[in-house]
Amino acid sequence: MREVQPAGDLLALARGGDGEAFRGLVEPYRHELHVHCYRILGSAQDAEDLVQETLLAAWRGIGGYEERASVRTWLYRIATNRCLNALRASSRRPHTGYEPEVPLPEPSHRRPEPSWLEPYPDTRLDEIVDHTPGPEARYELRESVSLAFLTALQQLPPKQRAVLVLRDVMGFRAAEVATMLDTTENAVTSALTRARTALANELPDRENAPRPNSPLERRIVADFIRVFEAGDVDAVVAMLTDDALLTMPPLPLEYQGIEAVRHFLATVALSDGRRHVLIPTRANGQPAFGCYMRDPRTSILHAHGVVVLTLAGERIAALTRFLDNSLLTMFGLPRSLRA
């Protein structure tokens, strides 16, 4: 077994073509880079590809690394610019729309574009070695991966999105961000001001959610499973806040308020005797479930997306149902179950 080498020794060996030394140099940052790319892109699957691209670019460019910044900062520079390039490329490609299985009621609001946001498994967050952001950060880890924050973040132009994440989430200094993005400190400050204003308009008021895995959260989760699996629309609605929001990424539809959510549940999600089984998991620091629908003709339960709850006090402020069944594999859940 190779002994642990100081960073300076690993860098020298990596420059000499030692692949194992390079892995020792960059591996401590892999998981936080993955979360960083996820914040900017909104997709855990795309983030995986971008981290691989980042590390490959770093390996190829290790000879040109001049040590003007730390290895961590250097990697964040590569990753951020790769993400921005990916966003520019994806903006030129038409997205394939998702076709719902049944006609949907008219929503309270339609966003101009589909929401390509995906849930992020908490198991990936647990792999981050250092949860402490820089001294200038405004958001803690849990808040900066919450669905409310990420939904608002995805509405920002790519450069503003990157600046806000680097400054307010990661806590990098303005001069560092300017170097990362090959721009000026004034440009960074201007972009950050616009991003903060836009984000403040998009983000809901910060509510006191129960602590993760606290007795209160566990009770809410257990009650939700019980009433949702029973198909009891009134009981589900009784657990909601008055302004509860139901969304279904990637569809750009929003159902806001108790009556809108009630109508959706009664006519779509829990209509015609539809029965579900919910398998608890966690996503984005929030309670989540793999959702399965019972097939009345067989004993098979078919995958029906991922549901994430946003809690406020003792109630549910948002229901987010991700419709892509392939997301279940990220949570270690199968595509079907036996009843």
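The values are calculated or read from the model by the stated rules, or taken from the named source; none is laboratory data. Note that this is a predicted model, so its numbers are computed, not measured. For neighbour counting, all protein chains shown are included, and Cβ atoms are generated from backbone atoms with ideal geometry for every residue, glycine included. Side chains are part of the model used for accessible areas, which takes the heavy atoms of the whole protein and leaves out ligands, DNA and RNA. Shrake-Rupley method; radii C 1.70, N 1.55, O 1.52, S 1.80 Å.
Just to be sure I understand the filter: pairs with C-beta atoms under 6 Å, separated by 6 or more residues or on different chains, first member in the stretch 273-296 and under 12 Å from Ser336 (Cα atoms), second member open to solvent by 40 Å² or more (accessible area, probe 1.4 Å) and among the aliphatic types (A, V, I, L, M). Which pairs pass?
Gly290/Ile279; Tyr292/Leu337
Looking for whichever is crowded, with 17+ Cβ neighbours inside 10 Å and either in the same structural domain as Tyr38 (by the TED database) or in contact with an Asp or Glu (Cβ under 9 Å, 6 or more places away or on another chain) (or both) here; the options are Leu125, Leu156. Which one fits?
On the way: Leu125 fails: either in the same structural domain as Tyr38 (by the TED database) or in contact with an Asp or Glu (Cβ under 9 Å, 6 or more places away or on another chain) (or both).
Just a single option satisfies the conditions, and that option is Leu156.
Under 28 Å from Trp116 (Cβ atoms), at pLDDT 90 or above and either open to solvent by 80 Å² or more (accessible area, probe 1.4 Å) or not charged (D, E, K, R) (or both): which single residue out of Ala44, Ala21 fits that description?
Details: Ala21 fails: under 28 Å from Trp116 (Cβ atoms).
The unique qualifying residue is Ala44.
Taking the stretch 204-222, which residues are under 20 Å from the mean Cα position of the chain (by Cα) and open to solvent by less than 40 Å² (accessible area, probe 1.4 Å)?
Selection gives Pro210 alone.
Pick out the one residue from Leu75, Leu87, Leu10, Leu55 that is in a helix (DSSP H, G or I), touching a Phe, Trp or Tyr at 6+ places or on another chain (Cβ under 8 Å) and farther than 22 Å from Gly134 by Cα.
Details: Leu75 fails: farther than 22 Å from Gly134 by Cα; Leu87 fails: touching a Phe, Trp or Tyr at 6+ places or on another chain (Cβ under 8 Å); Leu55 fails: touching a Phe, Trp or Tyr at 6+ places or on another chain (Cβ under 8 Å).
Only one candidate passes the filter, namely Leu10.
State whether the residues of the stretch 223-238 include one that is in contact with a Pro (Cβ under 6 Å, 6 or more places away or on another chain), under 13 Å from Ile316 (Cα atoms), at pLDDT 95 or above and open to solvent by 40 Å² or more (accessible area, probe 1.4 Å). Give the derivation first.
Applying the first criterion (in contact with a Pro (Cβ under 6 Å, 6 or more places away or on another chain)) to the stretch 223-238 yields none.
Scanning the stretch 223-238 turns up no residue that is in contact with a Pro (Cβ under 6 Å, 6 or more places away or on another chain), under 13 Å from Ile316 (Cα atoms), at pLDDT 95 or above and open to solvent by 40 Å² or more (accessible area, probe 1.4 Å).
Just wondering, is there one or more residues in the stretch 169-183 that are in a helix (DSSP H, G or I), more than 16 Å from the chain's Cα centre (by Cα) and among the charged types (D, E, K, R)?
yes
Inside the stretch 24-41, can you point out the residues that are within 23 Å of Pro119 (Cα to Cα) and open to solvent by 40 Å² or more (accessible area, probe 1.4 Å)? Talk me through it step by step, then tell me what you get.
Within the stretch 24-41, the subset within 23 Å of Pro119 (Cα to Cα) is 29-41.
Correct list: Tyr29, Arg30, His31.
Out of Ala198, Ala187, report the one residue that is open to solvent by 20 Å² or more (accessible area, probe 1.4 Å), assigned by the TED database to the domain that holds Ala162 and in contact (Cβ under 8 Å) with a residue 40 or more places away in the chain.
None of the others qualify; the one that does is Ala198.
Collect the residues in the stretch 302-329 that are open to solvent by 40 Å² or more (accessible area, probe 1.4 Å) and touching a Ser or Thr at 6+ places or on another chain (Cβ under 9 Å), keeping them in residue-number order.
Within the stretch 302-329, His302, Arg315 qualify.
Note down all Cβ pairs under 7 Å where the first residue falls in the stretch 218-239 and is of a type outside the set (A, V, I, L, M, F, W, C), the second is buried (at least 17 other Cβ atoms within 10 Å of the Cβ), and they're at least six residues apart or on different chains.
Asp223/Met239; Glu229/His276; Glu229/Val277; Glu229/Leu278; Gly231/Leu270
Just for the stretch 324-339: of the residues that are in contact (Cβ under 8 Å) with a residue 24 or more places away in the chain and either assigned to a helix (DSSP H, G or I) or under 15 Å from the mean Cα position of the chain (by Cα) (or both), which one is farthest from Gly285 (Cα to Cα)?
Among those that are in contact (Cβ under 8 Å) with a residue 24 or more places away in the chain and either assigned to a helix (DSSP H, G or I) or under 15 Å from the mean Cα position of the chain (by Cα) (or both), it is Asp324.
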